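Undergrad: One structure, pasted below without further comment.
Nothing in this text is a laboratory measurement; each read-out follows from the coordinates by a stated rule. Keep in mind that this is a model prediction, so the values were computed, not measured. Methodologically, a virtual Cβ is constructed for each residue, glycine included, from the backbone with ideal geometry; neighbour enumeration extends over all protein chains shown.
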Amino acid sequence: MSDLDELYQTLILEHNKSPRNFRALAGASGHAAGRNPLCGDTFDVWVKVRDGLVEEVSFLGQGCAISKASASMMTTAVKGKTVADADALFRRFHQVVTGHATDSADLSDPKLTLGCLSAFAGVSAFPIRVKCATLAWHALMTAIHSPDAGVNSTTP
Amino acid sequence: MSDLDELYQTLILEHNKSPRNFRALAGASGHAAGRNPLCGDTFDVWVKVRDGLVEEVSFLGQGCAISKASASMMTTAVKGKTVADADALFRRFHQVVTGHATDSADLSDPKLTLGCLSAFAGVSAFPIRVKCATLAWHALMTAIHSPDAGVNSTTP
Amino acid sequence: MSRSVMSASADRALAWDVDRVRADFPALRRSVRGHPLAYLDNAATALKPESVIAGVAEYYTQVSANVARGVHTPSQEATARFEAVRERVAAFIGAASPAEVVFTAGTTAGLNLVAQSYGAAMLEPGDEILVTEIEHHSNLVPWHLVAARTGAVVRGVPLTEDLTLDLDRLEQMLSDRVRVVAVCHASNVLGTVLPIKQIAAMAHRRGAVVVVDGAQAIPHLPVRVGDLGCDFYAFSAHKLFGPTGLGILWGRTELLAKMPPWQGGGGMIAQVELTGSTYAPPPMRFEAGTPPIAEVYGLGAALDYLDGWDRVAATRYEDALADEAAERLAGLSGVTVYRPRGPRVSVVTFTVADIHPHDIGTALDAKGVAVRAGHHCAQPLMRRLGVPATVRVSFAPYNSPADIDALITGVGHAQRVFGA
Amino acid sequence: MSRSVMSASADRALAWDVDRVRADFPALRRSVRGHPLAYLDNAATALKPESVIAGVAEYYTQVSANVARGVHTPSQEATARFEAVRERVAAFIGAASPAEVVFTAGTTAGLNLVAQSYGAAMLEPGDEILVTEIEHHSNLVPWHLVAARTGAVVRGVPLTEDLTLDLDRLEQMLSDRVRVVAVCHASNVLGTVLPIKQIAAMAHRRGAVVVVDGAQAIPHLPVRVGDLGCDFYAFSAHKLFGPTGLGILWGRTELLAKMPPWQGGGGMIAQVELTGSTYAPPPMRFEAGTPPIAEVYGLGAALDYLDGWDRVAATRYEDALADEAAERLAGLSGVTVYRPRGPRVSVVTFTVADIHPHDIGTALDAKGVAVRAGHHCAQPLMRRLGVPATVRVSFAPYNSPADIDALITGVGHAQRVFGA
Ligand SMILES: Cc1ncc(COP(=O)(O)O)c(C=O)c1O
Ligand SMILES: Cc1ncc(COP(=O)(O)O)c(C=O)c1O
């Protein structure tokens, strides 16, 4: 499989075409916008957290297939997780997309298996796309932990 | 003779030690200051022009041996010359210190023989010192032709 | 490759020996992800001929002295070369004198210099600065900053349907409040060449100065600032096959003479007291600190190198490549090409239906084709085009027809991957 | 050469193999007017090791792509290296984070950035900026310019008889109106090292920020910005054996975060409309336009090269050369050496009775000895010393005892020529 096919796995292309939870969220406990000013990608992420549990996540916005599919799959992956597990999942995801997934301790924890998210492993061959894959995640973290922060601009 | 001895001829060293016309000039028709901001050399030049004739020239200030001796020898060289001849002499002097003295037409004109000024021919081996040798001359030209111009800053 | 394209490139080969030119550019020898590099990102930065790389190294290897302040021989050599390149640049752009050539850190620095020196000194609250919808951020944001500082107002002149500047609207917007008209000579996204001469005449009738961002024109067009009639012209060495870290700002003698310094430091002073200073005349007044010396050596080498080109033939060649690329791209289903009518440089912008430009960029990179994907530092133009981003290919005279083949194949591959 | 000097240099040779180091610097192989080059103008700009020249060439030969905006592999490589060097610089100076490291065009540009961004935003009429009598114009004029813009006042802290900063006077001058204290870490004329830690503590008690011009300290001293306690620290790559056209401004995260942009352009924006813009966080906010990319590669190579040195031994060695030069110069009749008491870097300034420094400079050049003659961009200090100009010799670890011999011989020769 070429680098490119590795990157654009069927699952990613499918989520890009039909993103899940692609809507605003009424009664959200937090919201943040993720923007990459260098490429213009922009997403809004909403989250509803209750008693330390991520009850609902949604997003809207536009960007490349990687960023959009990542946002979509993120919403399904963290829904129902505790905030702590969502944080850990992001750390794990970050390791995978940057090609630094060497921490076997994490792997043994069933709550932290990436599942579908492992489709993004191909990103590590295209370092510039790491920002795309993590854009919505950064916004999610802001929405959960600093629900009043608003815009979260990432730059390389 | 080394480049250095060629540059610092006895005549130059002597004028540096005992500059001629080293004073302000009462009743001057023009005055200008010559400054080289990059090295800090600074001279004031006064001139008395009547009926197109340079009657008197004087200077004050401080600088290296080349600039000071050049100012001193300039004052003796142009005194009594017409403005036109003073201008031509400067052009000729400039050619010599920059090593571009190829114009034989000038040479044949007795009013334009450099005389003692040819002691500065050695400057052409040290291009950075051309500014030194011409600093007072530039001020003189300003004092003659734009007597109200004031400061004349040269930079390389 | 189609028949007509092949014969077109055969024609071109007579006038332009691209293989010989390619041999001068060592970066073309590299491969990317197992493919030969097809470098179609020349508008971002140009590749450098061997002689430019050698020119930079020459300074470090044989001279390595500071300029303008040393009595020693290496410093004199550096100073002499530095000033000789200034003269060379003046001749290259038709400046009235080398003193009109200010060395800066780049186009961006040059435009900021004009905005913060000329602009900050001359602009008053309510004064207007006209920019265009096609400008690069480097010719927008400096004006936003100086407007905030002075109370002046920035207004944008729109484009026509043809993606050229709407000169009628410009004429309407040129009120007596307009002090500055800031325009690019050529667009980095569409390649549109603006009619500077005409714009300058219009602006000057209203007493406005004309600041031209020449970053994208200088590698392609013969620039004579006198003929253009503008007041300032800025460009970067790195887009002209020269080094990074160096730009040129040309300004009219009369304007430079009345401008206050922008940056303070060594080399730009007349006299310094502890609590105040007076300043040297231009260009020194605007060159505070140790300048980019090795870079100036490199630029000198770049201008020498360009002397070896028939630049008219070079431009005709790269324009033909751009036309060919535009035509072949437009022939692909789902591809939209954005091309202005009228004069343009060899830059082609497009989008592909249902595939984001970044994904196209990555797909092309996987085939060794280097293009730019994004907003190209031209967000207002993206909004005008109604797209968040585009893919841009930009040509230089060392590009080959094979680069276009790789591009077309790569776009097709992306479409297959995406099922688009 | 005297006996004691010979044994001193023999001692040094044990710790510092100067011949091996010299072999790394190609510019040392040149001759000047028939003599081997004795390069004693290191404070103006340092020579470059082969590896730095190769580092610059590597970028042009193998990469030659723009940073931060490209999806293609060459651009990714350039971006990765660019950011890796930023991290390397952060580690080299002990910054809290790479985001505190801003790439600029040089020390001068860095100091102007602080003055025009931090200064212009924070200073109000009547506020005071303290500078010192020992500053380089690059740490004076930017403050004059921003004072003129804001109505703030620049005041100069004098030196003591020992040619060190008068800390008692500083304490007296540190009123509540003082917002900025701008000082050099080491003087480019006298070599005086200022007690930054102490100055920073004094200034911070009064709520002033401390801006340090590190141009002359960085090649000699281990710099840990955290330990120094200052708020900004600026230096140039070219004095640190790196390329021209590049400087570093370090600033505290909290301060950078609240500073407005200085220059506008590509790469520093969040969002741009035609008539206004919002900006990226630091360090991007302060890096408008295409940065000096090849130069950053070269700086990376310079830091790698310095890793191969025992820098403590290098400094001890160059300090010993400076001491030896100062001692031998002071032993010549008619020579006055200006040396501060206390910590200093390897810079020695002197004058010769009845011979203007420029004439000494030319006489030394005739013997292949490169020194600086003039006011060294420190006119206030010249006035303080009561001289229009001086001769300055400045050392690097590749200088040899033979360079000092050539210097001493050259001064004697000048005295004979002048009959002084
Ligand atoms: C003490 C000091 N500060 C500032 C500068 C300015 O550095 P640059 O010319 O590299 O901007 C220099 C060097 O010229 C210097 O010696
Ligand atoms: C039209 C235009 N203007 C300005 C710039 C800025 O040039 P630089 O980044 O070299 O300062 C660019 C290039 O990025 C450009 O394409």
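Undergrad: Size of the dipole of chain B about the Cα centre, Lys and Arg at +1 and Asp and Glu at -1 on the beta carbon, nothing else charged, in debye to 20?
TA: Using Cβ point charges on Lys, Arg, Asp and Glu, chain B gives about 300 debye.
Undergrad: How large is the Rg to Rh ratio of the stretch A:11-73 when both quantities use alpha carbon positions and Rh follows Kirkwood?
TA: 1.00
Undergrad: Let me spell out the model: positive unit charges on the Cβ of Lys and Arg, negative unit charges on the Cβ of Asp and Glu, origin at the Cα centre of the protein assembly as shown. What dipole size does that give, in debye rounded to 20?
TA: 640
Undergrad: Let a ≥ b ≥ c be the square roots of the eigenvalues of the Cα gyration tensor of the stretch A:3-145; is it rounded (a/c under 1.5), or, if not, prolate (a/b larger than b/c) or oblate? Intermediate values should be presented prior to the final figure.
TA: Numbers: a/c = 1.68, a/b = 1.13, b/c = 1.49.
Cα axes put the stretch A:3-145 in the oblate bin.
Undergrad: Would you compute, from DSSP H runs of 4+ residues alone, the mean residue ellipticity of chain C at 222 nm, taking -39500 (n - 2.57) per run and dividing by the full residue count, rounded to the nearest 500? Could the numbers behind the result be given before it?
TA: Details: 15 runs with 160 residues, N = 420.
Theoretical 222 nm ellipticity from helices: -11500 deg cm²/dmol.
Undergrad: Work through the residues other than residue D:278 whose Cβ is under 12 Å from its Cβ and net out their charges, Lys, Arg +1 and Asp, Glu -1.
TA: Local charge sum for residue D:278: +1.
Undergrad: Please work out whether chain D counts as rounded, prolate or oblate from its C-alpha gyration tensor, where a ≥ b ≥ c are the square roots of the eigenvalues and a/c under 1.5 means rounded, while otherwise a/b larger than b/c means prolate and anything else oblate?
TA: oblate
Undergrad: Farthest toward the dipole's positive end in chain D, which of D:282, D:150, D:293, given Cβ charges of +1 (Lys, Arg) and -1 (Asp, Glu) about the Cα centre?
TA: Highest projection toward the positive end goes to D:150.
Undergrad: Let me confirm one metric for peptide A:125-132, namely the mean number of other chain beta-carbon atoms within 10 Å of its residues' beta-carbons.
TA: On the way: counts 3, 10, 5, 14, 6, 0, 0, 5.
Per residue, the number of nearby Cβ atoms from other chains is 5 on average.
Undergrad: Report the charge-dipole magnitude of the stretch D:65-306 in Debye, nearest 20, computed about the Cα centre from +1 at each Lys and Arg Cβ and -1 at each Asp and Glu Cβ.
TA: Working: 17 positive and 23 negative charges, 79 e Å.
Roughly 380 debye for the stretch D:65-306.
Undergrad: Moving to a separate point now. Can you list the residues, at least 5 places off or on another chain, whose amide H is less than 5 Å from the amide H of residue D:153, using H built in the peptide plane?
TA: D:126, D:127, D:128, D:129
Undergrad: So which residue, out of C:106, C:126, C:229, gets the largest mean-square fluctuation from a GNM of chain C using Cα contacts under 10 Å as springs?
TA: It is C:126.
Undergrad: Please state the relative contact order of chain D as a whole percent: Cα pairs under 8 Å, 6+ residues apart?
TA: Answer for chain D is 23 percent.
Undergrad: Then there is this: Given Cα pairs under 8 Å that are at least 6 residues apart, what percent is the relative contact order of the stretch D:65-306?
TA: It rounds to 23 percent for the stretch D:65-306.
Undergrad: For Cα pairs less than 8 Å apart in space and 6+ apart in sequence, what is the mean separation divided by the residue count of the stretch B:3-145, i.e. the relative contact order in percent?
TA: Details: 258 pairs, mean separation 44.2, N = 143.
Relative CO of the stretch B:3-145 lands at 31 percent.
Undergrad: Total Lys pairs in chain B closer than 24 Å by alpha-carbon, pairs eight or more apart in sequence or interchain only?
TA: 15
Undergrad: Would you look at the GNM of chain D, springs on alpha carbons closer than 10 Å, and say which of D:275, D:150, D:409 moves the most?
TA: Among D:275, D:150, D:409, the largest GNM mean-square fluctuation belongs to D:275.
Undergrad: Please report, in whole Å³, the volume per residue of the convex hull around the C-alpha atoms of the protein assembly as shown.
TA: With only Cα atoms used, the protein assembly as shown gives 187 Å³ per residue.
Undergrad: Hydropathy first: keep DSSP H helices in chain D averaging at least 0.0 on Kyte-Doolittle, then drop any whose Cα extent along the axis falls short of 18 Å, and list what survives.
TA: The qualifying helices are D:3-15, D:293-307, D:401-417.
Undergrad: Show which lysines lie in cross-link reach of residue D:239 when reach means a straight Cα distance below 19 angstrom and same-chain residues fewer than eight apart are skipped.
TA: Partners within reach: D:48.
Undergrad: As I understand it, the dipole of chain B uses +1 on the Cβ of Lys and Arg and -1 on the Cβ of Asp and Glu, about the Cα centre. Which of B:127, B:31, B:80 lies farthest toward its positive end?
TA: Most positive-ward Cα: B:31.
Undergrad: I would also like to ask the following. What is the local net charge at residue C:62, summed over the other residues whose Cβ is closer than 12 Å to its Cβ (Lys, Arg +1; Asp, Glu -1)? The partial results should precede the final answer.
TA: Numbers: positive: C:81, D:29, D:30, D:48; negative: C:58, C:77.
Computed value for this residue: +2.
Undergrad: Averaged across C:18-31, how many Cβ atoms of other chains sit within 10 Å of each residue's Cβ atom?
TA: Neighbouring Cβ atoms belonging to other protein chains average 2 per residue here.
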